[in-house]
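**Q** Below is a structure I'd like to ask you about.
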Amino acid sequence: MVAGVAIGVWFPATARDLAPISMVFLRLIRSILAPLIFATLVYGIAGSGDLKKMGRIGLKSIVYFEVITTIALFIGLAAVNFLRPGVGRTLAASATAPAMPAQTLNTVLEHIFPASIIDAMARNDVLQVVVFSFLFGAACLAIGAKAGPVVAFCGSLAEVMFRYTNYVMWLAPLGAGAALAVTIGTNGLGVLFGLGKLLATLYLALIISVIGIFGAVIAVFRIPLQRFIAAVRAPTLIAFSTASSEAALPLALENMESFGVPAHIAGFVMPTGYSFNLFGTTLYLSVASVFVAQAAGIPLTFGQQLLMMLTLMLSSKGVAGIPRSAIVVLSGTLATFHLPMEGVAVLLGVDALMDMGRTAVNVLGNCLACAVVAKSES
């Protein structure tokens, strides 16, 4: 990471040419996701021997996800209203916003269920793979001994994919360094000063959340802190340096199982959290949306801000898996609430740097969710 920043600062042209290295690493990581999630979840569910237990785990997970992301929303609102990073800024003259798919409850529900598991795996649609794997594992559990060969195959496939992950992780230092070099080489360190107050607001809110909220959860559920830190350190750093949740998922799954989370819990909670437990992204969206209103000089009441946050939370569930989905969701919500789209152009300049922080907290939050659900089941 340090080498990547140094190359980006001193040799920006060379840094931009390193993009293929980071992309090769990310492509190899993406090749792991679908087979690993499928194998881990099917083997875990079929091996658990209790479908009611899986339903209970699912309910606990969803309740935890919604509570924790709501807390993130209010922390972001508190930070942006207290520090007011958008006051005094002048928005750019124009901006081209990413297209935002129209989101309704029907489209969100339809997106959850795959029409083709092959298509879902090809697109690395994590949520659809989880739903299919859950139903497939439940069917294996219901059939019993006849499904034994299929379950055994999934167990072997999971072990193979974990070993495959270890091989790919040898490239992690190169991939992480190259990703940072490209980010700094393309945007330069100047963006840190131009929008320094916004970056400081976001990272301060993220740090407070990790120490205060995650720390409180760890204390309440009596999760061993040192062992948990050791388990989450590597996947969180990979998520931060590459700004990719996908890059951290295989190692996070493996480490949480080593930490003591049963395979059927880790295999369900971790991938599902990638769609429903985006703590860092939710916090970012609350900061970014109010920042745009402040920069445009448009006052928002608390009720308006709350309505906007609820819209952002619903929209973010429907576009999981879209690259730079936070910006996509934000642009659609700004249009809905008649806020200037020029704010997107301002945010795009530092989005890569903000993405690093929110992605790392997303991964950390999902690892914690696995530990919490496992503790509640013990």
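**Q** Can you give me the number of residues within segment 231-278 that are among the aromatic types (Phe, Trp, Tyr) and modelled with pLDDT of 90 or more?
**A** Final tally of qualifying residues: 2.
**Q** Please determine, by comparing only the residues of segment 30-71 that are in contact with a helix residue (DSSP H, G or I) (Cβ under 9 Å, 6 or more places away or on another chain) and of a type in the set (D, E, K, R), which one is nearest to residue 169 (Cα to Cα).
**A** Checking each candidate, the answer is 30.
**Q** In addition: When you look at residue 25, is it within 23 Å of the chain's Cα centre (by Cα), crowded, with 21+ Cβ neighbours inside 10 Å and at pLDDT 85 or above, yes or no?
**A** no
**Q** Give segment 111-121 a look and list any residue that's among the hydrophobic types (A, V, I, L, M, F, W, C) and out of contact with any helix residue (DSSP H, G or I) (no Cβ under 8 Å at 6 or more places or on another chain), or say none.
**A** Residues satisfying the conditions are 115, 118.
**Q** What about residue 76, is it modelled with pLDDT of 80 or more and within 25 Å of residue 298 (Cβ to Cβ)?
**A** Against the criterion (modelled with pLDDT of 80 or more and within 25 Å of residue 298 (Cβ to Cβ)), residue 76 qualifies.
**Q** Being of a type in the set (Gly, Ala, Ser), under 20 Å from the mean Cα position of the chain (by Cα), closer than 26 Å to residue 283 by Cα and in a helix (DSSP H, G or I): is that true of residue 205 here?
**A** yes
**Q** Related question: Give segment 333-350 a look and list any residue that's buried (at least 22 other Cβ atoms within 10 Å of the Cβ) and closer than 29 Å to residue 62 by Cβ, or say none.
**A** 333, 334
**Q** Of all residues being touching a Ser or Thr at 6+ places or on another chain (Cβ under 6 Å) and of a type in the set (Val, Ile, Thr) in segment 55-79, which is farthest from residue 221 (Cα to Cα)? Just the residue, please.
**A** If we take residues in segment 55-79 being touching a Ser or Thr at 6+ places or on another chain (Cβ under 6 Å) and of a type in the set (Val, Ile, Thr), then 75 is farthest from residue 221 (Cα to Cα).
**Q** Sticking with this structure for a sec: Taking into account only those residues within segment 185-202 that are buried (at least 17 other Cβ atoms within 10 Å of the Cβ) and either of a type in the set (S, T, N, Q) or under 22 Å from the mean Cα position of the chain (by Cα) (or both), which is modelled with the lowest pLDDT?
**A** By that ranking, first place goes to 187.
**Q** Moving to a separate point now. Of the conditions (1) more than 19 Å from the chain's Cα centre (by Cα); (2) over 20 Å from residue 87 (Cα atoms); (3) at pLDDT below 85, residue 297 fails just one. Which one is it?
**A** (2)
**Q** Still on this structure: Test of understanding: among 86, 137, which residue is modelled with pLDDT of 75 or more, surrounded by 15 or more Cβ atoms within 10 Å (Cβ to Cβ) and assigned to a loop (DSSP other than H, G, I, E, B)?
**A** Answer to the check: 86.
**Q** Here is a further query. Return the pairs, sorted by first residue and then second, in which the second residue is β-branched (Val, Ile, Thr) and part of a helix (DSSP H, G or I), the first residue lies in segment 288-306 and is closer than 11 Å to residue 337 by Cα and without any contact (Cβ under 8 Å) to a residue 12 or more places away in the chain, the beta carbons are less than 8 Å apart, and the residues are 6+ apart or on different chains.
**A** Filtered contacts from segment 288-306: 300/290.
**Q** Please specify each residue of segment 31-52 satisfying the condition of being at pLDDT 80 or above and either within 30 Å of residue 185 (Cβ to Cβ) or among the charged types (D, E, K, R) (or both).
**A** 31, 32
**Q** Contact list please: Cβ distance under 8 Å, first residue in segment 159-171 and in contact (Cβ under 8 Å) with a residue 40 or more places away in the chain, second residue among the acidic types (Asp, Glu) and part of a helix (DSSP H, G or I), pairs at least six apart or on different chains.
**A** Close Cβ pairs (under 8 Å, with a partner that is among the acidic types (Asp, Glu) and part of a helix (DSSP H, G or I)) amount to 162/254; 165/254.
**Q** Looking at segment 263-294 only, could you name the residues that are farther than 16 Å from residue 75 by Cα, more than 16 Å from the chain's Cα centre (by Cα) and surrounded by 24 or more Cβ atoms within 10 Å (Cβ to Cβ)?
**A** 264, 265, 292
The values are calculated or read from the model by the stated rules, or taken from the named source; none is laboratory data. Remember, it's a predicted structure, so these values are computed and weren't measured experimentally. Heads up, the Cβs are rebuilt from the backbone with ideal geometry, glycines too, and the neighbour counts pull from every protein chain shown.
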